[in-house]
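Below: the structure, in structure tokens.
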2 protein chains.
Amino acid sequence: MAEVITPRAQDYPQWYLDVVKQAGLADNSDVRGCMVIKPNGYAIWEKMQRGLDRLFKETGHVNAYFPLFIPLSYLAREEEMAEGFAKECAVVTHYRLKAEKGGRLEVDPEARLEEPLVVRPTSETIIWHTYKKWIQSYRDLPLLINQWANVVRWEMRTRLFLRTAEFLWQEGHTAHATQKEAEEEAHRMVRVYQKFAEEYMAMPVLVGPKTEGQKFPGAVYTLCIEAMMQDGKALQAGTSHFLGQNFAKAFDVTFTNEQNQQEYAWATSWGVSTRLIGGLIMTHSDDQGLVVPPRLAPIHVVICPLGRNEEERRPCREAAERLARALRDRPRDEFYGYEPLAVHIDTMYDKQIGYRAAEYEVRGVPVRVEIGPKDIEKGACVLARRDRPGKEGKQMGVPLEGAADQIDHLLRDIQKSLYERAKQYRDARTVTARSLDEFRDLFPLRSGDSEELPWNALKFVYAHWDGTRETEEWVQKEFKATIRCLPFDGPQEPGRCIFTGKPSARPVVFARAY
Amino acid sequence: MAEVITPRAQDYPQWYLDVVKQAGLADNSDVRGCMVIKPNGYAIWEKMQRGLDRLFKETGHVNAYFPLFIPLSYLAREEEMAEGFAKECAVVTHYRLKAEKGGRLEVDPEARLEEPLVVRPTSETIIWHTYKKWIQSYRDLPLLINQWANVVRWEMRTRLFLRTAEFLWQEGHTAHATQKEAEEEAHRMVRVYQKFAEEYMAMPVLVGPKTEGQKFPGAVYTLCIEAMMQDGKALQAGTSHFLGQNFAKAFDVTFTNEQNQQEYAWATSWGVSTRLIGGLIMTHSDDQGLVVPPRLAPIHVVICPLGRNEEERRPCREAAERLARALRDRPRDEFYGYEPLAVHIDTMYDKQIGYRAAEYEVRGVPVRVEIGPKDIEKGACVLARRDRPGKEGKQMGVPLEGAADQIDHLLRDIQKSLYERAKQYRDARTVTARSLDEFRDLFPLRSGDSEELPWNALKFVYAHWDGTRETEEWVQKEFKATIRCLPFDGPQEPGRCIFTGKPSARPVVFARAY
């Protein structure tokens, strides 16, 4: 601690790393591209899992678990998927080591697998291979299954949470009797992700389909949620794919329909990952460290009793314990995931209160309570909200009686105002480009500029596009900006492509992206 | 369904497989030794996770996540561990595939890793490599960390849940400033496992240390919980290891103690796995299928409204819905893991009630409610408890008013009586062998016998043993029986080894084991 966090305006990528490290969220490991998720980071992931899992179950899904290893031949069966993932697969080729002299271990060349096994980069192939056994009749459908798992994609450039070789995620894989049902499911799940992003993460998102060029390998189309980070870049935060009959055909999964005919099953898949933690950080956190919305906070409230000596401290500590009990004993409700409020009593009496406050600020605890000898005299305490550091977020002289109620209200208010602040931030940085010149001004290239861009200069840019892959790729090469999605809730009127002048069905959203 | 379950007395291993399959718990996959955990099986695992996780957190532990891959050189650092696991490791040697003509995928020989990576068989090495960075001072200790993860051990003979190449587990890894603290931790955690086994799984266990010959590779000693399966065999259901300073020395993890001296940290590790589901099945289930204790049941109550036509069915269905609501709306409490009761309303009206009942019996739902037209006339219903199939477990004419209370009581009673039944079963099959002849009679070898043994003839056998590895190995070879543990709560008086006549400090427990 007491290490300084690089200010965002000075070096945004370094600020991100500083927050990840100093808030105790994750560490790089010595295993290439793999991270260690530290307790404070994993606790956020657990809260995310609980929230998502509840939403999945409310929409009729159940969990299951499929093998980590995928025989190489399965991956080859669906052509687009094979192409999409072959270049970044970890491959198991042997099943035994042997000791060399000096205790060194070596791969045992005699223990070579007949067929190499791929560590799953995503599980469509192994799951549809299994579904073939489970699906015979329309009565077996729909299959609404989700898996919580680790996956591996051998990425060349990695970044904690945002892009790592191994990451944790959930992947839903559903099978349906009709195209209509499957499409409804794909849409339902992207809306579940939106709900989670907005109501739990307090992170506003755009929702809509990806372009052909940006869809998932093997999908007919991909729906996504896209969030704006504080630097104006986009983060793809979740995807839901309508897979058509592609995987049913690749793995020969047919069923007898109500008319007693054989038909291929219809599929979706959808996933979010530990990447969300990166999104959470870059949506809310500040130059003091991590800011976590209360619904995902590992600790909701820290109480710091003060005092210069034991005599002064005792009544403060006793008041702290009473308040903690009152908070923990509140009835469980949906807002807190039906768990008790998580309250921590800080006892670093030998440190200055400024130091103690900073410790919990950097770790993102939403509410801090201070109880000093003078507060005790007045039967009061001080409340400080993490989302408004400094004087603005401090309430002095809050009566201890009723403080538990007030803290509960404050937590709910923080959740709401974090969302509103993030939404205003994004909306203020969402513009329309009506010409190539306007577009060029919005996506200048640092390398070619004499002036450095401010750290948060980038924007979400609505523009008309002719719908072709060529134009999309040209823009990406020229401006390093990609089409993030065709938002369901964005403007829908036709126009002319600002790059080619050809007709455009509707504006789409361009941005630089993580 | 409607497939017959092989009776236990006819073929116990086949009975086990039949229950696993027909209760929808797991399937073999085509990936050697890996299983697919199906929704009903995974739901039990989720309940186990919740229960264990709560017990871990109550004892001060937090969760984190470490990489799936372990560089080969790490595994080599602790000699016993290297020896213990080298022969069953899945090894990643390449990080890319390439497409051959015809779409076939091949391992890309140019993408060979400089250092092969082992898929974790257990995480001591990667975690202690990380702890080196986290531990500098006694103030950083204790570190009380748990991980939920998948691990891979390339077992040659596999069996669903009991022994699979990939399995799910939790592994606790703690670091302490003193030997005493670490040993206390190892003992605390084996008691947590005992509590979970007995209070959640309703599975009585013996608790005590393993012998030197049976301890974990790298441990100073291993504590374990051992359960008796219905066939009289033992199942090692959980282990807690005191690791001394072995891993601290292998990974050079030292800290400055309060006297300002450098010292190696003290370690424990402890784990339970999806193997517990195998233990659960073989503790309680019967020839009708799965029996699950209510605290781990995915569905607590199934309600079957009856009736020959819609007119008869409507009031039954309405009563079912009212009862389901009353059950779901009960206050959340510890017994149900602070979740609402899970109630399912069955609507297979076109099937006979016998068929419908069997469906839920085979899947292990603890309580079944039937509401027929005649019951409705009397404002009553029928309750059937799964742990006592047939007439014995049926209560007729239970008033619908107050049925929710009664069902809640019944569920708690089932939990208790499953434990008592299992304990009586085990105690009745626990004996003492006072001579080699007695021992020989208790562990006859089928191959050499003219008569087949009854399916449940095996026992837990207390016997005096001279404490040597040689005798232990001789007994194992001669009788296929191993020393399961030296139970803390078993007899402690000294005597003479029944195999060699040498002095024995105390009797130990022998059994055949899974």
Only residues in the stretch B:415-432 that are more than 16 Å from B:Gly364 (Cα to Cα) count as the first member; pair them with residues that are of a type in the set (Ser, Thr, Tyr), Cβ under 7 angstrom, at least 6 apart or cross-chain, and list the lot.
B:Ala422/B:Thr283; B:Thr432/B:Tyr462
Say we look at the stretch B:33-56 and pick out the residues that are assigned to a strand (DSSP E or B) and either in contact with a Gly (Cβ under 7 Å, 6 or more places away or on another chain) or in contact (Cβ under 8 Å) with a residue 24 or more places away in the chain (or both); which of these is farthest from the other protein chains (Cβ to nearest Cβ)?
B:Met35
One residue is enough: does the stretch B:449-458 have a residue meeting the conditions at pLDDT 95 or above, within 25 Å of B:Tyr425 (Cβ to Cβ), not assigned by TED's automatic domain parsing to the domain that holds B:Thr164 and not in a loop (DSSP other than H, G, I, E, B)?
no
Identify all residues within the stretch B:352-363 that are out of contact with any helix residue (DSSP H, G or I) (no Cβ under 8 Å at 6 or more places or on another chain) and surrounded by 14 or more Cβ atoms within 10 Å (Cβ to Cβ); write none if there are none.
B:Ile353, B:Arg356, B:Ala357, B:Ala358, B:Glu359, B:Tyr360, B:Glu361
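Residues checked against (1) assigned to a loop (DSSP other than H, G, I, E, B); (2) within 10 Å of chain A (Cβ to nearest Cβ); (3) closer than 30 Å to B:Trp15 by Cβ:
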residue	(1), (2), (3)
B:Val118	no, yes, no
B:Pro121	yes, no, no
B:Lys133	no, yes, no
B:Leu144	no, yes, no
B:Asn150	no, yes, yes
B:Trp154	yes, yes, yes
B:Arg157	yes, no, yes
B:Trp169	no, no, yes
B:Gly172	no, no, no
Being in a helix (DSSP H, G or I) and either farther than 23 Å from A:Ala248 by Cβ or facing chain B (nearest Cβ under 7 Å) (or both) is the filter here; which residues of the stretch A:67-82 pass it?
A:Leu72, A:Leu75, A:Ala76, A:Glu79, A:Ala82
Residue count for the stretch A:199-224, restricted to those that are assigned to a loop (DSSP other than H, G, I, E, B), free of Cβ contacts under 8 Å to residues at least 60 places away in the same chain and aromatic (Phe, Trp, Tyr):
0
Could you tell me whether A:Lys233 is within 20 Å of A:Tyr462 (Cβ to Cβ) and charged (D, E, K, R)?
yes
Only unsatisfied item for B:Glu258, checking (1) part of a strand (DSSP E or B); (2) over 30 Å from B:Ile483 (Cα atoms), is (1)
Just one listed residue, out of A:Ala433, A:Ala428, A:Ala463, A:Ala422, is of a type in the set (A, V, I, L, M), surrounded by fewer than 13 Cβ atoms within 10 Å (Cβ to Cβ) and within 30 Å of the chain's Cα centre (by Cα), and it is A:Ala428
Suppose we filter the stretch A:344-362 for residues that are within 14 Å of chain B (Cβ to nearest Cβ) and closer than 26 Å to B:Tyr338 by Cβ; how many remain?
1
Looking at (1) within 7 Å of chain B (Cβ to nearest Cβ); (2) modelled with pLDDT of 95 or more, can you tell me which one A:Ala86 breaks?
(2)
Give me the pairs: first residue in the stretch B:94-114 and within 16 Å of A:Ile70 (Cα to Cα), second residue among the aromatic types (Phe, Trp, Tyr) and part of a loop (DSSP other than H, G, I, E, B), beta-carbon distance under 8 Å, and six or more apart or on different chains, which are they?
B:Tyr95/A:Trp154; B:Arg96/A:Trp154
Per the list (1) under 30 Å from B:Pro340 (Cβ atoms); (2) touching a Lys or Arg at 6+ places or on another chain (Cβ under 7 Å); (3) surrounded by fewer than 23 Cβ atoms within 10 Å (Cβ to Cβ), residue check on B:Lys233 breaks on (1)
Residues in the stretch B:138-160: is at least one crowded, with 20+ Cβ neighbours inside 10 Å and in contact with a Cys (Cβ under 7 Å, 6 or more places away or on another chain)?
yes
Any residue at all in the stretch B:3-12 that's surrounded by fewer than 23 Cβ atoms within 10 Å (Cβ to Cβ) and either within 10 Å of chain A (Cβ to nearest Cβ) or part of a helix (DSSP H, G or I) (or both)?
yes
Selection count where residues are acidic (Asp, Glu) and within 26 Å of the chain's Cα centre (by Cα), scope the stretch A:328-365:
5
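Matching residues to (1) free of Cβ contacts under 8 Å to residues at least 12 places away in the same chain; (2) of a type in the set (Val, Ile, Thr); (3) within 30 Å of A:Leu143 (Cα to Cα); (4) in contact with a Ser or Thr (Cβ under 6 Å, 6 or more places away or on another chain):
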residue: A:Gly232; (1), (2), (3), (4): no, no, no, no
residue: A:Ala248; (1), (2), (3), (4): no, no, yes, no
residue: A:Phe251; (1), (2), (3), (4): no, no, yes, no
residue: A:Asn257; (1), (2), (3), (4): no, no, yes, no
residue: A:Ala265; (1), (2), (3), (4): no, no, yes, no
residue: A:Trp270; (1), (2), (3), (4): no, no, yes, yes
residue: A:Ser273; (1), (2), (3), (4): no, no, yes, no
residue: A:Arg313; (1), (2), (3), (4): no, no, no, no
Give the stretch A:89-111 a look and list any residue that's within 18 Å of B:Glu88 (Cβ to Cβ), assigned to a loop (DSSP other than H, G, I, E, B) and at the interface with chain B (Cβ under 8 Å from one of its Cβ atoms), or say none.
A:Tyr95, A:Arg96
Against the condition in the same structural domain as A:Arg188 (by TED's automatic domain parsing) and in contact with a His (Cβ under 6 Å, 6 or more places away or on another chain), how does A:Trp266 come out, does it pass?
yes
Condition check for B:Gly271: more than 30 Å from A:His61 (Cα to Cα) and of a type in the set (Gly, Ala, Ser):
no
Considering only the stretch B:496-505, I want to know if a residue exists there that is assigned to a strand (DSSP E or B), surrounded by 17 or more Cβ atoms within 10 Å (Cβ to Cβ) and at pLDDT 95 or above.
yes
Failed item in (1) more than 7 Å from every other protein chain (Cβ to nearest Cβ); (2) surrounded by 19 or more Cβ atoms within 10 Å (Cβ to Cβ); (3) touching a Ser or Thr at 6+ places or on another chain (Cβ under 9 Å), with A:Asn28 passing the rest
(2)
Residue under question is A:Arg314, and the condition is that it be surrounded by 16 or more Cβ atoms within 10 Å (Cβ to Cβ) and either of a type in the set (A, V, I, L, M) or outside any strand (DSSP E or B) (or both); does it hold?
no
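The values are calculated or read from the model by the stated rules, or taken from the named source; none is laboratory data. Quantities reported herein were computed from a predicted structural model and do not represent experimental measurements. When we count neighbours, we look across all protein chains shown, and the Cβ atoms used for this are built from the backbone with ideal geometry, even at glycine.
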